[in-house]
Amino acid sequence: MGTDGRYLEKAGLRLSDLSGVIPIDGAAYDVPEQMKSGPGIMQDTYLQAFGTDPERQRALSPTWQAVAPNAPAFLLLHVQRPDGIAQAKALEAALAKAGTPVERRDFPGTGLKGHMEINRSLGDPDYPETAVVDAWLKGVFARR
């Protein structure tokens with residue numbers, strides 16, 4: 001949604017209506033790449049979600065859609081999963097190439113267990129990574 005305004009337009013919004021986007025530990029920013037090299041344990045899930053049509057997979061991939069315009073800013077978060085790290089780095093590069101402000105932060109936690117923890121704990125004041133997001137949001141809203 002933050003790299004393809006068509007989804008927002010269907011809801012009567014524009015990319016400029018967003019202050020920023022915080023994807024959390026994603027591994028499908030480049031769906032064709034994930035289908036090719038992602039962990040086998042998740043392949044059935046990816047097939048169900050994205051299908052086998054390469055054109056559809058690219059259309060659903062933020063990395064493929066990250067040419068400007070994009071949402072005004074991105075904070076990419078990931079734990080220590082090789083596929084998630086690679087996907088976040090590639091999206092970061094695509095956004096930066098388009099001139100979109102982007103930060104990438106890696107957090108502790110490995111594999112699917114780390115993925116579940118960040119999804120369950122982010123926002124909890126006792127989860128140390130929440131402070132990173134809070135500081136980023138404060139900066140983004142100060143610029144608006």
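Once the range 2-14 is narrowed to residues that are free of Cβ contacts under 8 Å to residues at least 40 places away in the same chain and surrounded by 13 or more Cβ atoms within 10 Å (Cβ to Cβ), the residue that is nearest to Gln65 (Cα to Cα) is Leu8.
For every residue, the table says whether it meets (1) closer than 28 Å to Ser121 by Cβ; (2) in contact with a Phe, Trp or Tyr (Cβ under 6 Å, 6 or more places away or on another chain); (3) of a type in the set (Gly, Ala, Ser).
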site: Gly12; (1), (2), (3): no, no, yes
site: Ala28; (1), (2), (3): yes, no, yes
site: Lys36; (1), (2), (3): no, no, no
site: Asn70; (1), (2), (3): yes, no, no
site: Lys89; (1), (2), (3): yes, no, no
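Taking the range 1-12 as the range and being out of contact with any strand residue (DSSP E or B) (no Cβ under 6 Å at 6 or more places or on another chain) and either under 28 Å from Glu129 (Cβ atoms) or not in a loop (DSSP other than H, G, I, E, B) (or both) as the test, the residues that pass are Met1, Thr3, Asp4, Arg6, Tyr7, Leu8, Glu9. Scan the range 120-138 residue by residue and report those that are loosely packed, with under 14 Cβ neighbours inside 10 Å and at pLDDT 95 or above. Correct list: Arg120, Gly123, Asp124, Pro125, Asp126, Ala131, Asp134, Ala135, Lys138. As for the range 46-61, it holds no residue that is in a loop (DSSP other than H, G, I, E, B), closer than 23 Å to His115 by Cβ and β-branched (Val, Ile, Thr). Checking Asp17, Asp25 one by one, the residue that is of a type outside the set (Lys, Arg), crowded, with 22+ Cβ neighbours inside 10 Å and either on the phi > 0 side of the Ramachandran plot or free of Cβ contacts under 8 Å to residues at least 12 places away in the same chain (or both) is Asp25 and no other.
Does Asp30 qualify as being surrounded by fewer than 18 Cβ atoms within 10 Å (Cβ to Cβ) and not basic (Lys, Arg)? Considered against the rule, which asks whether it is surrounded by fewer than 18 Cβ atoms within 10 Å (Cβ to Cβ) and not basic (Lys, Arg), Asp30 comes out as no. Only one of Pro82, Pro54, Pro62 is in contact with a Pro (Cβ under 9 Å, 6 or more places away or on another chain), surrounded by fewer than 18 Cβ atoms within 10 Å (Cβ to Cβ), under 23 Å from Gly109 (Cβ atoms) and not β-branched (Val, Ile, Thr); which? Of Pro82, Pro54, Pro62, the one residue that is in contact with a Pro (Cβ under 9 Å, 6 or more places away or on another chain), surrounded by fewer than 18 Cβ atoms within 10 Å (Cβ to Cβ), under 23 Å from Gly109 (Cβ atoms) and not β-branched (Val, Ile, Thr) is Pro82.
I'd like the full set of residues that are over 23 Å from Ile85 (Cα atoms), among the hydroxyl-bearing types (Ser, Thr, Tyr) and part of a helix (DSSP H, G or I), limited to the range 13-45. Across the range 13-45, the qualifying residue is only Ser16.
Only one of the numbered conditions (1) out of contact with any strand residue (DSSP E or B) (no Cβ under 6 Å at 6 or more places or on another chain); (2) under 18 Å from Ala27 (Cβ atoms) is violated by Ala73, and that is (2).
The values are calculated or read from the model by the stated rules, or taken from the named source; none is laboratory data. Since this is a predicted model, take the numbers as computed values, not measurements. Neighbour counts run over all protein chains shown; Cβ positions are idealised from the backbone, glycine included.
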